[in-house]
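A quick write-up on the structure given underneath.
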């Protein structure tokens, strides 16, 4: 919806008016105001940090910063578990980067027992405020997730990306990190 002075673009993710991201251009990308950016099947938005800015009403906002990566091939491995709606889990051979050191709130429990959760940004007066970071937490032996459950990051550990989860939401395909606390 707006190009900022650095050539980066503030955008609504997935055509929603709640999720705002900063897109950092690569060498062959130039953005313009009100441009609609549709990712091709071989592209993905990679989370690379955060961006802080002030709105017209002088409200400080911090949003995810992403870079559009070209030539992405979703891994084809025997570790992908697919269902009929073309969603699935792909686990990495070794753990990736730490995506958060904060706690998470379970939004949805899947038939597999795994949980889709949002990172908790802060808790004020008993009210939970989540960020836009959505993850899949795998069910472990003895874990029974439930909606709105708070999943606490163990002291000294972080939510480390161990794979990707691809699923359909409102007719769009979403890919979120699968995390494990390591």
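Summary table below
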{"item": "Contacts under 6 angstrom Cβ, first residue in the range 146-160 being in contact (Cβ under 8 Å) with a residue 60 or more places away in the chain, partner part of a loop (DSSP other than H, G, I, E, B), 6 or more apart", "result": "158/101; 160/95; 160/182"}
{"item": "Spans of strands (runs of 3 or more DSSP E) in the range 1-115 with at least 3 residues at pLDDT below 85 and under 19 Å from residue 160 (Cα atoms)", "result": "44-54, 60-69"}
{"item": "Filter result for residue 145 (in contact with a strand residue (DSSP E or B) (Cβ under 8 Å, 6 or more places away or on another chain) and assigned to a loop (DSSP other than H, G, I, E, B))", "result": "yes"}
{"item": "Set 177, 154: member being outside the structural domain of residue 49 (by TED's automatic domain parsing) and exposed (fewer than 11 other Cβ atoms within 10 Å of the Cβ)", "result": "154"}
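The values are calculated or read from the model by the stated rules, or taken from the named source; none is laboratory data. Since the structure is predicted, the reported quantities are computational estimates derived from the model, not experimental observations. Cβ coordinates were reconstructed from backbone atoms using ideal geometry, including for glycine residues, and neighbour counts include every protein chain displayed.
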